[in-house]
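Reviewing the structure listed below.
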Amino acid sequence: MCGIVGAVGHKQCSLVLLDALKRLEYRGYDSSGISTINKGAIALKRAVGKIVNLDAALTESPLEGDIGIGHTRWATHGGVSEANAHPHVASNRVSIVHNGIIENHREIQQRLESAGHHFSSDTDSEVLAHLFVEAFDSGMEPAIATQQVLAEIEGAYAFALMAIDYPEMLIVARNASPLALGIGDHACYIGSDAIALSHLTRKVVYLEDHDYALVRADGVSVYQADGALVDRKAMIVAASPGLVDKGGYRHYMEKEIHEQPDAIGHSLAAMTDENGHLTAQMPDDALRAIDGVVMLAAGTSHYATQVARYWVESLARVPVACELASEYHYRQPATKPFNTAIAISQSGESLDTLMAMRYAAKCGMNTIGLVNVPNSSIAREADTVLPTRAGPEIGVASTKAFTAQLTVLLCFAVALARAKGHIDNSQASSIHAKIQALPGLVGKALGLFDVIRPVAHQLSSVRSALYLGRGALYPLALEGALKLKELSYIHAEGFASGEMKHGPIALIEDDMPVVALLTADHLMGKASNNLREASARGAKIILISDAKVAKEVDYATSVIAVPTIDPLLAPILLAVPVQILAYLTAVEKGTDVDQPRNLAKSVTVE
Ligand code: M6R
């Protein structure tokens, strides 16, 4: 996490750096800072809290200088304080911003402290600044100094550095954390992603792992780990809206919930070939060769994989394992039954997911990256890309990206099933038609805000809630509980409703809210029995289902009903009221909906 930016050759660069940081605030918002070189000295401004605080500090006393670096932080090592905010300056000569974790920072710090270096923060990052001071003191030129520093550090990093001795350049490097270099007409820039630079340039060079670069106003020199110059081609990235506005909505999350008909429709279009058939972006032969799929993801994206498992297994008869990316490659999994890995990530940058995908590739699997951000690390490394077209998702809580992921995964399952001969063209077309109807149904479900508001009002005063679902709605129960806890800080758990009797039912007491997800599938009778068992023990059942199912339920305290839907697609449509309920509960509680405490949108540390 954390966002880093830099500029060289841009007059009064602190202003464009501030703009760039605002575009990266989704990566962390504990504290932020900018430093420049002005009249031969390092000038520094840092502020705790969101970037508006840095903005205010800069307005009060602007920073001059045409070379600078900036940072927005998500704390890993060291608490949230101005001293721990980046940039970190060593010996008044070197200033650094860093995203990632330097895992061997303790040993390095001890070594440097015994050599006389004085540290002023509790971060792992500060060692980088001191290592460069040490390298420059021993007479090394920037490229050689960088090579030496990189040889000593372990962990994930993207960093940018300025030195008083070399005021015409930024020194940057990356390993497992993203970094883009922007090439302007008379200036160059760096940013954690191209969106940060979209107000400055669309010409971008992406560094690869272990690359480092010297960035000057008139261009960049990129080196590989062995010190050899390497030609990393510049690409023109698609015009990005950069700072997306709230479009009249109170929160980005509310806007993004409303954007779901488009997100689903555009994602479906991306999975439709020129003949109007669903495609998985690969030839039928390649699809037929898939004999087992491991799905790698984190958080909400992981819950999307768990829904997709039901589709891929039931339609295409292909075994699926859904793996938490942060666990997968650390347990030496038996990979034999799987020849394909799908890494699912809104950002395309979650380091856990990227690492898991790399492991799968190393084991010989074909990799598919299902991402919302084109040119993200996962998109660039995967063998095949399945795009979601949800558009930029700014709210930390994933909404439209989730339903877009589900749409693409359902299309994938249908294309796979058809290629393998488990469904015929007419069955595929029939499911396709149902997916085509989804944007309209989601549009209708968006009319539920007023129905849900009083339910959210009641939910906002409880300490704990349960979400129950069965079959493909079980992962949606997990997702609902995640949405509620991350947004409103109410403790919530999701369970497979059939599991309640094996333990969790002990949690039920009078008036406990239980959000029940129900659809008219083959499990409806059993799921209803499970819900009655909870109701009989005092639970208040908040039913989220379609209109037809709602008519059959007599045990609910509150009913939130979407238009009647084929159970196959229910996880997508029912996700909408689940999101609205969490959103409105958070609004009732007055929490920071778009930037909940302790979180960041893009998680680029392990
Ligand atoms: O960008 P990714 O999809 O890889 O992010 C994975 C999770 O961090 C993410 O889904 C997170 O759980 C959601 N923002 C929660 O709403």
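The values are calculated or read from the model by the stated rules, or taken from the named source; none is laboratory data. Because the structure is predicted, anything quoted here is derived from the model rather than measured. Positions of Cβ are backbone-derived with ideal geometry, glycine not excepted, and every protein chain shown enters the neighbour counts. Heavy atoms of the whole protein, side chains included, go into the accessibility calculation; ligands, DNA and RNA do not. Shrake-Rupley method; radii C 1.70, N 1.55, O 1.52, S 1.80 Å.
Filter the range 249-286 for residues that are polar (S, T, N, Q) and farther than 19 Å from THR399 by Cα and give the result. Within the range 249-286, THR272, ASN275, THR279, GLN281 qualify. Pairs meeting the criteria (first residue in the range 145-172 and free of Cβ contacts under 8 Å to residues at least 60 places away in the same chain and at positive phi, second residue of a type in the set (A, V, I, L, M) and part of a strand (DSSP E or B), beta carbons under 6 Å, at least 6 apart or on different chains) are GLY155/ILE101; GLY155/ILE102. Annotation: of all residues in the range 565-606 being of a type in the set (Gly, Ala, Ser) and touching a residue at least 24 places away in the same chain (Cβ under 8 Å), the one that is farthest from the ligand (Cβ to nearest atom) is ALA570. Based on this model, can you work out whether ILE190 counts as surrounded by 14 or more Cβ atoms within 10 Å (Cβ to Cβ) and not in a strand (DSSP E or B)? Judged against the criteria, ILE190 is not a match. When the criteria are applied in full, ILE572 fails the requirement of being crowded, with 19+ Cβ neighbours inside 10 Å and either assigned by TED's automatic domain parsing to the domain that holds ILE257 or not in a helix (DSSP H, G or I) (or both). Restricting attention to the range 384-406, does a residue exist that is at pLDDT 95 or above, polar (S, T, N, Q), in a helix (DSSP H, G or I) and under 17 Å from the mean Cα position of the chain (by Cα)? Yes, the range 384-406 has at least one match. Looking across the range 318-360 at every residue that is β-branched (Val, Ile, Thr) and not in a loop (DSSP other than H, G, I, E, B), the one that is nearest to the ligand (Cβ to nearest atom) is identified as THR353.
Scanning the range 92-103 for residues that are modelled with pLDDT of 95 or more and surrounded by fewer than 22 Cβ atoms within 10 Å (Cβ to Cβ) turns up ASN92, ARG93. From the list LEU482, LEU507, which one is touching a strand residue (DSSP E or B) at 6+ places or on another chain (Cβ under 9 Å), open to solvent by 20 Å² or more (accessible area, probe 1.4 Å) and within 13 Å of the ligand (Cβ to nearest atom)? Just one listed residue meets the conditions, LEU482. Among the conditions (1) modelled with pLDDT of 95 or more; (2) closer than 23 Å to VAL133 by Cα; (3) more than 25 Å from the chain's Cα centre (by Cα), the only one that GLU82 does not satisfy is (1). The set of residues in the range 51-91 that are within 22 Å of LEU150 (Cα to Cα), open to solvent by 30 Å² or more (accessible area, probe 1.4 Å) and in contact with a strand residue (DSSP E or B) (Cβ under 6 Å, 6 or more places away or on another chain) comprises THR76, VAL89.
Among residues belonging to the range 237-254 that are farther than 21 Å from LEU18 by Cβ and modelled with pLDDT under 90, point out the one that is least open to solvent (accessible area, probe 1.4 Å). The residue in question is VAL237. Can you pull out every residue in the range 522-543 that is touching a residue at least 60 places away in the same chain (Cβ under 8 Å) and either farther than 15 Å from TYR467 by Cα or of a type in the set (Val, Ile, Thr) (or both)? The one that is touching a residue at least 60 places away in the same chain (Cβ under 8 Å) and either farther than 15 Å from TYR467 by Cα or of a type in the set (Val, Ile, Thr) (or both): ILE542. Screening VAL408 with (1) away from the ligand (no atom under 16 Å from the Cβ); (2) within 18 Å of LEU315 (Cα to Cα); (3) in contact with a strand residue (DSSP E or B) (Cβ under 6 Å, 6 or more places away or on another chain) gives one miss only, at (1). Counting the residues of the range 306-349 that are among the hydroxyl-bearing types (Ser, Thr, Tyr), under 27 Å from VAL396 (Cα atoms) and open to solvent by less than 20 Å² (accessible area, probe 1.4 Å) gives 3.
Name every residue in the range 415-453 that is in contact (Cβ under 8 Å) with a residue 40 or more places away in the chain, within 16 Å of ILE544 (Cβ to Cβ) and open to solvent by 50 Å² or more (accessible area, probe 1.4 Å), in order of residue number. Within the range 415-453, LYS444, VAL451, ARG453 meet the criteria. When restricted to residues that are farther than 22 Å from SER398 by Cβ and part of a loop (DSSP other than H, G, I, E, B), the range 8-31 contains 4. Checked against (1) buried (at least 24 other Cβ atoms within 10 Å of the Cβ); (2) within 17 Å of ALA304 (Cβ to Cβ), ARG389 meets all criteria but (1).
Listed conditions (1) of a type in the set (Val, Ile, Thr); (2) away from the ligand (no atom under 16 Å from the Cβ); (3) closer than 30 Å to ALA415 by Cβ are all met by THR305, apart from (2).
Name every residue in the range 1-24 that is under 20 Å from the mean Cα position of the chain (by Cα) and open to solvent by 30 Å² or more (accessible area, probe 1.4 Å), in order of residue number. Give the steps one after another, and end with the answer.
Initial filter on the range 1-24 (under 20 Å from the mean Cα position of the chain (by Cα)): 1-5, 20-24.
Passing the criteria: LYS22, ARG23.
Among the residues of this structure, SER464 does not count as one that is open to solvent by 10 Å² or more (accessible area, probe 1.4 Å), modelled with pLDDT of 95 or more and closer than 19 Å to GLN579 by Cβ. Note on the range 361-386: residues that are β-branched (Val, Ile, Thr), away from the ligand (no atom under 11 Å from the Cβ) and either open to solvent by 10 Å² or more (accessible area, probe 1.4 Å) or not assigned by TED's automatic domain parsing to the domain that holds ALA269 (or both) amount to 2.
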